[in-house]
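Only the coordinates and a few stated rules stand behind these numbers; no lab work does. On a predicted model such as this, the values are computed, not experimentally measured, just so you know. Here the Cβ is made from the backbone with ideal geometry for all residues, glycine too, and neighbour counts use every protein chain on show.
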Amino acid sequence: DTGVSQDPRHKITKRGQNVTFRCDPISEHNRLYWYRQTLGQGPEFLTYFQNEAQLEKSRLLSDRFSAERPKGSFSTLEIQRTEQGDSAMYLCASSSGTTNYYEQYFGPGTRLTVT
Amino acid sequence: AQRVTQPEKLLSVFKGAPVELKCNYSYSGSPELFWYVQYSRQRLQLLLRHISRESIKGFTADLNKGETSFHLKKPFAQEEDSAMYYCALSGQGAQKLVFGQGTRLTINP
C-alpha cells in the first residue's frame, strides 16, 4: 500500500498520560498535514509541514500538542497530559508540490479515546 | 474568516432520483473549493475540485461566486453513492483545508 499510513489506528489512554502518533506520508510528498475530527464534525486543521519546516499551527494546537517532521519524511504528533476533550480521530494527509498541492491524500486516522 | 456550511447533516433519496448536497462558504479572497467523500470503512478521499470542472462518478459541482455556493449534484443517484460528503475550501497557497460538518447521504433502493 503506497498511501498515507498512520500508527496506531486506535489508542486508549488514561487522562494525564502522554500519547504519540505517527504518520508516514506518500513517498516524496513534501507537504504533510494534521487534522482532528470529533464526532459529527468535519476535520479541523491542526498544523502542516513543508519538508521539515512547520509552517502553520492552528489555535486548536495548545501547548500540550507538539508535532515534528525531523527529516521531512514521517511526522509525529504528541499530546502531553491528555484530557477527555482530546478524544477524537486524528487524521494525517500529504500532498505533492510537483503535481498538485491542493489534492490532499488522507490516512486512515488514529482514533484516540481518553478515559 | 474562512467558513464552510453544509446545512443538511442527513439526506436520504431513492435510487434513480436526483441528488443535491448543499455547500455555502465564506472567504474573503478567491478560494479553491472541493468535495471530499468518505465511504463506509474507507478513508477520506477527494471527489472533485471546482477548478478541474470534471464530472466524477456522475457528480458535478458548480462554483457560484455570487451566492458563495458550491453545491454537489448528480442527476440519478445510485446505491453506491451512499457515503459521508464533505465540502472544503482552501485559500491561495494551498495550505489548510477548511471543512464543513458533512452530509450523510443515504440512497434507498
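For (1) closer than 18 Å to A:Ser95 by Cβ; (2) surrounded by 13 or more Cβ atoms within 10 Å (Cβ to Cβ); (3) not polar (S, T, N, Q), each residue gets a yes or a no:
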residue: B:Asn24; (1), (2), (3): no, yes, no
residue: B:Tyr27; (1), (2), (3): no, yes, yes
residue: B:Ser55; (1), (2), (3): no, no, no
residue: B:Ser69; (1), (2), (3): no, yes, no
residue: B:Lys73; (1), (2), (3): no, yes, yes
residue: B:Ala83; (1), (2), (3): no, yes, yes
residue: B:Gly102; (1), (2), (3): no, yes, yes
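Taking every residue in region B:58-84 that is under 18 Å from B:Ser40 (Cβ atoms) and pairing it with any residue that is of a type in the set (A, V, I, L, M) and assigned to a loop (DSSP other than H, G, I, E, B), at least 6 positions away or on another chain, the pairs with Cβ-Cβ distances below 7 Å are B:Ala77/B:Ala17. Evaluated against (1) without any contact (Cβ under 8 Å) to a residue 60 or more places away in the chain; (2) over 17 Å from B:Tyr36 (Cβ atoms); (3) out of contact with any Cys (no Cβ under 9 Å at 6 or more places or on another chain), A:Arg22 falls short on exactly one condition, (3).
Checking the stated criteria, A:Tyr35 turns out to be facing chain B (nearest Cβ under 10 Å), in a strand (DSSP E or B) and not acidic (Asp, Glu). Among the residues of region B:19-55, those identified as of a type in the set (D, E, K, R) and within 11 Å of chain A (Cβ to nearest Cβ) are B:Glu32, B:Arg41, B:Arg43, B:Arg49.
Strands (runs of 3 or more DSSP E) fully within region A:38-83 that include at least 1 residues being more than 14 Å from chain B (Cβ to nearest Cβ) and among the small types (Gly, Ala, Ser): A:65-68, A:75-79.
The condition (being aliphatic (A, V, I, L, M) and without any contact (Cβ under 8 Å) to a residue 40 or more places away in the chain) is satisfied by just one residue among A:Leu77, A:Leu91, A:Leu55: A:Leu55.
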